[in-house]
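See below for the structure under consideration.
The values are calculated or read from the model by the stated rules, or taken from the named source; none is laboratory data. Note that the structure is a prediction, hence the values are computed from the model and not measured. Don't worry about glycine lacking a Cβ; one is built from the backbone with ideal geometry, like all the others, and counts go over all protein chains shown. Heavy atoms of the whole protein, side chains included, go into the accessibility calculation; ligands, DNA and RNA do not. Shrake-Rupley method; radii C 1.70, N 1.55, O 1.52, S 1.80 Å.
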Amino acid sequence: MTEHSFRFIGCSELREILGKEAEDEKRLVELIEEVPLDSIYFHTHSYFLRHSYVERVYPNDFAQWVAMEVRDHVLGERLAVVDPFAYGNLEALRDELISVIDDHLSRTSIVPRVIFGAPFHFNQSRILEVPTGLEVTTLRAFRRALAEVEVSAIYYHVFEARHRLARAENDFSAWVREGLGLPDLAQKLQSINPYVGSLERLRSALITACDEFLAQEPAGRA
């Protein structure tokens, strides 16, 4: 990889079953308190890797289970709006999930539980890098690669970079800022909220930001 090139990396998920399950919301919050942070990541961030193409009403496993299996739509909606990118680290995200569920339980006399649905199974995973063979040096080539790269690369360079790799911004905005010297476009790419919609919707938003910038630039400069 040259000094100013960008190499796209895809990923796959190696799942590990923790052997912990909840059949009611009280047990759910107890286990959220004790499971490894990698499990919190699995059920919030990497949820998007497992549902790359379809936008879900409940965009994390906790909200999905509470709403669909327990049939508690009030808590499901409250958990659905917990944006993992709004928290500086996974411990802060865990604390918010606990706070939301505890507050909900304090307002009901009966602990909502599974009647006809399935229990919640806690998992964690490791993300494995998968080379794509795509490497670019210009914004126009970057935009073309964004349109064709396997969707797991979108996940890797946005979700994985910012959290497990503890980076302040995603790989795309960092390269556009540092490698291409385009801080305005980098800010636009960084400001796109990946929590809203599927990975395919995120891909479209990234491409649109590039297209809008390219439309304003002379062909030879990008």
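For the reader, a short list of remarks on this structure follows.
- Whole-number percent relative contact order across the range 43-110, with pairs defined as alpha carbons under 8 Å at least 6 apart: 23
- When the chain is treated as a GNM with alpha-carbon contacts under 10 Å, the residue of Leu18, Leu199, Leu146 showing the greatest mean-square fluctuation is Leu18.
- Environment charge at Arg177 (Cβ cut-off 14 Å; Lys +1, Arg +1, Asp -1, Glu -1): -2
- Each label was represented as a point 7 Å from its Cα along the Cα-to-Cβ direction; for Ser5 and Arg167 these points are 1.7 nm apart.
- Near Glu13: Cβ cut-off under 9 Å, other residues only, Lys/Arg at +1 and Asp/Glu at -1. The net charge is +3.
- Kirkwood Rh and Cα Rg combined as Rg/Rh, the range 107-220: 1.14
- A viscosity of 1.306 mPa s and a temperature of 10 °C, combined with the Kirkwood radius over C-alpha pairs in the Stokes-Einstein formula, give the range 141-193 a diffusion coefficient of 141 µm²/s.
- Between the range 23-68 and the range 78-148, the C-alpha centres lie 7 angstrom from each other.
- You can think of it this way: the chain between Ser106 and Ile17 has 29.0 nm of extra reach, that is 0.36 nm per residue less the Cα-Cα gap.
- Normalised Debye scattering of the range 50-127 at q = 0.13 Å⁻¹ gives log10 I(q)/I(0) of -0.43, counting only Cα atoms as equal scatterers and leaving out solvent.
- In this Cβ point-charge picture (+1 for Lys and Arg, -1 for Asp and Glu), the range 105-222 has a dipole of about 480 debye about its Cα centre.
- Whole-Å semi-axes of the range 36-79's equivalent ellipsoid (Cα gyration tensor): 18, 14, 7
- Note that the chain presents 49 Å² accessible area per residue, ligands and nucleic acids not counted, probe 1.4 Å.
- Length gained on full extension, Glu129 to Phe85, computed as 0.36 nm times the residue gap minus the Cα-Cα distance: 13.6 nm.
- Loop-located trypsin sites (Lys or Arg not before Pro) across the range 26-110 with a Cβ neighbour count of 12 or fewer within 10 Å are Arg107, with loop assigned by DSSP.
- Span-like helix ranges in the chain, DSSP H, alpha carbon extent 20 angstrom or more, Kyte mean at least 1.6: none
- FRET efficiency for Ala147 and Arg50, using Cβ-Cβ distance with R0 set to 22 Å, rounded to 0.05: 0.45
- Carbon and sulfur %, accessible surface of the range 1-68 computed with the full protein complex present, 1.4 Å: 50
- For the range 11-63, a/c is not less than 1.5, where a ≥ b ≥ c are the root eigenvalues of the C-alpha gyration tensor, and a/b does not top b/c. That puts it in the oblate class.
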